[in-house]
Amino acid sequence: MKRTNFRNSLTMGRNYLKDFNYRLFVTLGLKFCPRTFISILFLLFYTSLFVCSQTPNYHQHNLTCDNWKKESEATVGTCTRYTKFAILRCQGGVSNLKTISEQKSRKIDGVIFCGWPDKYFNPITTLQTLRNVKLLSIEYGVMKEISYRFPEMFYLQSINISWTRLSYVGPKTFKRIYNLRILDLRWNQLTHLDSPLILSETIEFFYLNGNPWNCTRNLKWLLTSGTDDIVTDFRDLLCHDRKYKERHLLTVINYKMALKHTCQKYEDLKNCTCSMHHIVPKSHIPLYTVNCSYLNLYRLPAYLPDNTSSFYANGNKITDVSPLRNNDHYRYVDDIHLDNNMIESIDVLEGSYWFEHFRLLNLKGNRLRKIPVYALDNALDDNPHASLLSLSHNPWYCSCKFAMRFREILNKYNAILKDAWNVTCIYKHGDELKSSKVMSITREDVCKSRDETKIHFLDLLNVVLASLILFILGKLAYDYYYYKNYGRVPWIVMKLP
């Protein structure tokens with residue numbers, strides 16, 4: 001306690017000297033009136049020490065809200081005035097607050113509300129007769145919102161609102177508390193702030209820890225110049241949303257700011273949307289998503305931020321996918337979305353590192369007609385990470401050889417090629433071009449020309465041979481019957497030498 005009072009005394013003395021241009025004051029004091037100067041310093045010290053000693057230490061005298069429900073006053077919802085400590089303690093309600101005379105209210109230095117019973121706290125009506133309080137504490141209860149801004153208060157120095165359901169605080173809620181030094185909003189239900197709180201220049205401690213911060217929301221209120229210095233426990237704030245759960249809010253902000261700066265720095269990415277979609281546990285490595293869809297691009301961007309795992313460039317006019325092979329910025333990008341572009345071939349990806357390690361490749365709605373089937377087979381067979389490859393809505397052309405091999409690949413990797421039944425191809429049947437699903441196409445559809453005869457020579461030969469076999473078997477049965485019944489052997493046997 002003495003150490004705390006000493007520190008507070010020095011702080012108040014230092015602030016006092018600043019207000020009177022303390023540099024000039026110290027120089028002149030030491031030079032011309034050293035004894036007087038020392039006396040003034042001691043006077044300031046003991047004055048501030050006296051002021052600090054007048055601040056009620058309600059923790060020491062068990063005037064907090066711990067176990068407040070067990071108190072007899074909690075069932076009635078009344079306030080009790082502790083004259084010795086100049087403290088007013090209300091438990092479960094404020095039914096008798098208005099009965100306290102104005103004269104007694106002026107002598108109250110601190111107000112403690114335990115278990116605020118309403119969803120809203122109106123500081124105007126509640127503190128109407130308590131304008132001289134130096135300390136305000138609201139602990140526990142169902143309070144969700146401070147309905148109005150605090151009125152003008154010149155003596156209030158410390159506000160503690162903890163263990164409530166407070167989920168919203170307006171930016172100007174505490175604006176007119178002119179000498180506020182401590183603001184404690186820990187252990188409530190705050191998920192975000194719309195904008196930075198406007199606080200007095202006298203603020204020294206501002207606590208926000210223990211709230212379920214949603215780091216997917218706008219965090220500009222924490223990026224304002226000097227905010228991280230005002231928030232005392234800034235480095236202890238944790239995210240509680242599903243995306244960044246248990247990650248430090250400061251870490252999330254730093255990653256988001258670095259990504260934003262990088263994407264604005266490079267011309268290729270200025271119109272793209274860059275976002276962080278995950279932070280890897282333990283290693284805390286950020287994973288980024290870059291979306292350059294529908295920007296009328298003719299080529300893939302030459303640069304992507306490090307740790308980019310997903311890239312979108314749907315609805316553009318891209319024709320070349322060679323950067324996936326040659327550009328190191330794409331080497332570790334897991335997911336590539338290139339729907340509805342003008343890609344005619346991906347042969348260049350054959351044997352590349354990316355093609356053998358990708359997780360997702362979306363090529364729907366392009367201009368692919370053929371694909372190196374053997375290369376696709378090798379890539380998918382050697383890639384344990386592949387989870388999705390989309391090839392539908394392309395003008396595939398099925399020749400006899402390609403169609404059968406392509407159908408085999410679609411069947412073999414149907415767990416990865418999830419749109420296999422939507423892959424259609426065009427094939428030539430005689431003079432006509434027909435379209436069919438590759439999965440249901442037959443060899444006769446693509447390998448048999450229309451003007452071919454219905455009966456082939458080999459088919460006719462097979463029929464003749466089958467007829468001869470049947471004739472021989474029949475003749476053998478006939479001869480056996482005659483030999484057994486009449487004892488005659490076939491005439492051809494008698495003619496043999």
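The values are calculated or read from the model by the stated rules, or taken from the named source; none is laboratory data. These numbers come from a predicted model, not from an experiment. Neighbour counts are summed over all protein chains in view; Cβ atoms, including those assigned to glycine, are modelled from backbone coordinates with ideal geometry. In case anyone asks, the SASA skips ligands and DNA or RNA and just uses the protein heavy atoms, side chains included. Shrake-Rupley method; radii C 1.70, N 1.55, O 1.52, S 1.80 Å.
Placing a label point 7 Å from the Cα of Q128 along the Cα-to-Cβ line, the residues of region 83-105 whose backbone N sits under 13 Å from it are 97-100, 102. If the chain linking E152 and L388 were pulled fully straight, counting 0.36 nm for each residue of separation and taking away their Cα-Cα distance, it would gain 78.7 nm. If the cut-off is a Cα-Cα distance under 13 Å, which aspartates and glutamates reach K172, setting aside same-chain residues fewer than 8 apart in sequence? Within the straight-line cut-off, K172 pairs with E152, D194.
Extension gain, T75 to K434: 0.36 nm times the residue separation minus the Cα-Cα distance gives 120.8 nm. Legend: calculated FRET efficiency, D268 to D241, from the Cβ-Cβ distance at R0 = 30 Å, rounded to 0.05, equals 0.45.
What is the extension gain from D381 to Y168, computed as 0.36 nm multiplied by their sequence separation minus the C-alpha to C-alpha distance, in nm to one decimal?
Gain on extension, D381 to Y168, equals 71.3 nm.
Residues whose amide H falls under 5 Å from that of Y140, counting only those 5 or more places apart or on a different chain, are G115, S162, W163, T164, with hydrogens built in the peptide plane. Cβ-Cβ distance of K260 and R331, R₀ of 35 Å, FRET efficiency by 1/(1 + (r/R0)^6): the value works out to about 0.90. Modelled spin labels at Y374 and K119, positioned 7 Å past Cα toward Cβ, are 7.1 nm from each other. Local charge for S392 was computed over the other residues whose Cβ lies under 12 Å away, with Lys and Arg +1 and Asp and Glu -1, and equals +1. Taken one residue at a time, the phi angles of region 243-260 give Karplus couplings (6.51, -1.76, 1.60, θ = phi - 60°) of 6, 10, 4, 6, 8, 5, 4, 5, 5, 4, 4, 4, 5, 5, 5, 4, 5, 4 Hz. Gly and Pro are set to x. For the peptides 136-143, 279-286, the ranking by mean Cβ contacts within 10 Å, running from highest to lowest, is 136-143, 279-286.
Per residue, region 67-192 exposes an accessible area of 49 Å² to a 1.4 Å probe, with every protein chain left in place. Note on T64/N218: beta-carbon distance plugged into 1/(1 + (r/R0)^6) with R0 of 22 Å gives a FRET efficiency of 0.05. The phi torsions of region 407-415, fed into the Karplus equation with coefficients 6.51, -1.76 and 1.60 and a -60° offset, translate into couplings of 4, 5, 5, 4, 6, 5, 10, 5, 6 Hz, rounded to whole numbers, with Gly and Pro shown as x. In region 157-204, carbon and sulfur make up what percent of the accessible area (probe 1.4 Å)? Its accessible area is 48 percent carbon and sulfur atoms.
Please compute the per residue accessible area over region 289-379 with all protein chains in place, 1.4 Å probe, rounded to a whole number of Å².
43
Roughly speaking, to the nearest percent, how much of region 264-322's 1.4 Å accessible area is carbon and sulfur? The C+S portion of the solvent-accessible surface of region 264-322 is 49 percent.
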